[in-house]
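Accompanying notes for the structure given below.
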Amino acid sequence: METNKALYDIRLSLHELAQPLAAVTGFVDLMLLEQREDSPLYQDIQMINERLEKVLEIVAHIQTITRSAT
């Protein structure tokens, strides 16, 4: 029973982590749309976007693992 509680807590924490990350990713996407590709900021914003997407992929992967563990 303790394992189920731990998995539930992990899933809840992952959800709470993913929500603000998704919001920030949306904001960064908008920033990319507002920049020209030759802007000095464009590459930096694109890198931030790629890193955020990678973190969201990791969160989703861990969520899948915790779902299959129950």
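The values are calculated or read from the model by the stated rules, or taken from the named source; none is laboratory data. The structure displayed is predicted, hence computed values, not measured ones. Virtual Cβ from ideal backbone geometry, glycine too; neighbours counted across all protein chains shown. What goes into the accessible areas is simple: the full protein's heavy atoms, side chains included, and nothing from ligands, DNA or RNA. Shrake-Rupley method; radii C 1.70, N 1.55, O 1.52, S 1.80 Å.
Quick check on ILE65: is it in a helix (DSSP H, G or I), more than 12 Å from the chain's Cα centre (by Cα) and under 30 Å from ASN4 (Cα atoms)?
yes
Check whether at least one residue in the stretch 1-8 is under 21 Å from ARG67 (Cα atoms), open to solvent by less than 60 Å² (accessible area, probe 1.4 Å) and more than 13 Å from the chain's Cα centre (by Cα), and report yes or no. Among the residues of the stretch 1-8, at least one is under 21 Å from ARG67 (Cα atoms), open to solvent by less than 60 Å² (accessible area, probe 1.4 Å) and more than 13 Å from the chain's Cα centre (by Cα), which makes the answer yes.
Check whether at least one residue in the stretch 46-58 is without any contact (Cβ under 8 Å) to a residue 24 or more places away in the chain, open to solvent by 90 Å² or more (accessible area, probe 1.4 Å), more than 30 Å from THR3 (Cα to Cα) and part of a loop (DSSP other than H, G, I, E, B), and report yes or no. No, the stretch 46-58 contains no residue that is without any contact (Cβ under 8 Å) to a residue 24 or more places away in the chain, open to solvent by 90 Å² or more (accessible area, probe 1.4 Å), more than 30 Å from THR3 (Cα to Cα) and part of a loop (DSSP other than H, G, I, E, B).
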